[in-house]
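The values are calculated or read from the model by the stated rules, or taken from the named source; none is laboratory data. Here the structure is a predicted model, which means the values were calculated and not measured. Cβ placement follows ideal geometry from the backbone for every residue including glycine, while neighbour counts extend to all protein chains displayed. Heavy atoms of the whole protein, side chains included, go into the accessibility calculation; ligands, DNA and RNA do not. Shrake-Rupley method; radii C 1.70, N 1.55, O 1.52, S 1.80 Å.
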There are 2 protein chains.
Amino acid sequence: MELALLYSGGKDSSLAAVLLDRFYDVRCVTGSFGITDDWRHAERAADALGFPFERVALEESVAREAVDRMHEDGYPRNGIQHVHEHALEAIAALDVDAIADGTRRDDRVPTVSRAQAQSLEDRHDVDYLAPLSGFGRHAVDRLVEETFEVETGPSAEIAKADYEDELRALLAETHGEAAIAEVFPDHEQTYVRGRTG
Amino acid sequence: MELALLYSGGKDSSLAAVLLDRFYDVRCVTGSFGITDDWRHAERAADALGFPFERVALEESVAREAVDRMHEDGYPRNGIQHVHEHALEAIAALDVDAIADGTRRDDRVPTVSRAQAQSLEDRHDVDYLAPLSGFGRHAVDRLVEETFEVETGPSAEIAKADYEDELRALLAETHGEAAIAEVFPDHEQTYVRGRTG
């Protein structure tokens, strides 16, 4: 069965890929607004793990709505959620049996409610899977450590390909450089370089 | 890493075992009140799938509380939930790194909230995993069909080893045979006989 996994090159979506690999033909798919080439980082990580990769185009209007919302809120949560939902719609439109993402039990954002999951499945005739939604942070960290070589650092410095990099760029362009520090608190990011051993 | 999976011999907990097998040394564990020998069915299923098996003793007082509650309610939900929580406590006390169960996204009972999961983890210093909680019914059915030879039928006739059989027996003993039909609606059960192909 063909599965499209929303993929960033980070530890969560990489672990989701390995978990689903037992049952599906997993394709790592990264959404990109065409603002930067950051999706290349995800392509490289997928390559290192041995999964096929695909880039899907996201609507720039959605990125604009998201950064306006973030700037207004002063925090990124609702904007990120908006983009994540758009990206799930985009991969659900691919010719696959199932779609998935790397959301964990303890994630505050993005979240996909049971009703949203059901709606995605019904409208696109796919299964939506969140294979890490029953795993807490500690369990994920242990499995990641066992499974991958990773690189960890502040979110501004780690080359990852979640929406954050493109949204940062667009935010700087539309609301000025200073808006980045206002909206995005410093946090640790992880990028997967390959498998252990 | 050692993992104790709450196991019934049904399709959900069997699929959870296979999913977790990629990362953990999975032991299938069935809780039993010592009322019937139904746990033997789970042992046979674990055997057929090639997983080690263990029976853990549950407190008969918990079964009594559960059937009294079910009889009072006229439906099994709260009683089953009470027993499931007790069984999770019992396997969390084993010498393992992680515990798990087979709850699915669409299950109404048993459910384990994020707060309950965190509390289990903190008190017992284990990870609690619900590997199917991000999978809907349709996805689980497709994976089960691909993975197992199963037997399906009315819940009263399929030899499975979830708590239901022992609770039915105790309910009949304490509240009379007729109480069974009052409390338990007919539903389909599945028992796993082995792997496909």
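Some observations on this one:
- DSSP-defined beta bridges in the protein assembly as shown - what % are antiparallel, rounded to 5: 30
- Calculated label separations, residue A:195, copies of the chain, 7 Å along the beta-carbon direction, nm: 1.8
- Solvent-accessible ranking of A:112, B:67, largest area first, probe 1.4 Å: A:112, B:67
- Calculated FRET value between residue B:21 and residue A:174, using beta carbons and R₀ = 45 Å, to 0.05: 0.40
- DSSP assigns beta bridges within region B:2-195; of those with both partners inside it, close to 30 percent run antiparallel.
- Based on C-alpha pairs under 8 angstrom that are at least 6 apart in sequence, region A:43-197 has a relative contact order of 27 percent.
- Once B binds A, the 1.4 Å probe can no longer reach about 2700 Å² of accessible area, counting both sides.
- Number of partner chain Cβ atoms within 10 Å, mean per residue of A:122-132: 4
- Reducing region A:77-137 and region B:17-58 to their Cα centroids gives an inter-centroid distance of 32 Å.
- Only helical runs count toward this figure. For chain B, summing -39,500 (n - 2.57) over DSSP H runs of n ≥ 4 and dividing by all residues gives -14500 deg cm²/dmol at 222 nm.
- Inter-site label distance for residue A:115 and residue A:93 at 7 Å from Cα along Cβ, in nm: 2.5
- With label points defined 7 Å past Cα in the direction of Cβ, position residue A:118 shows copy-to-copy spacings of 2.7 nm, given to one decimal and shortest first.
- In a DSSP loop and with at most 14 other Cβ atoms within 10 Å, the trypsin sites (Lys or Arg not before Pro) in region A:108-178 are A:108.
- Across the identical copies, the 7 Å label point of residue A:174, projected outward along Cα→Cβ, sits 6.1 nm from its counterparts, in ascending order.
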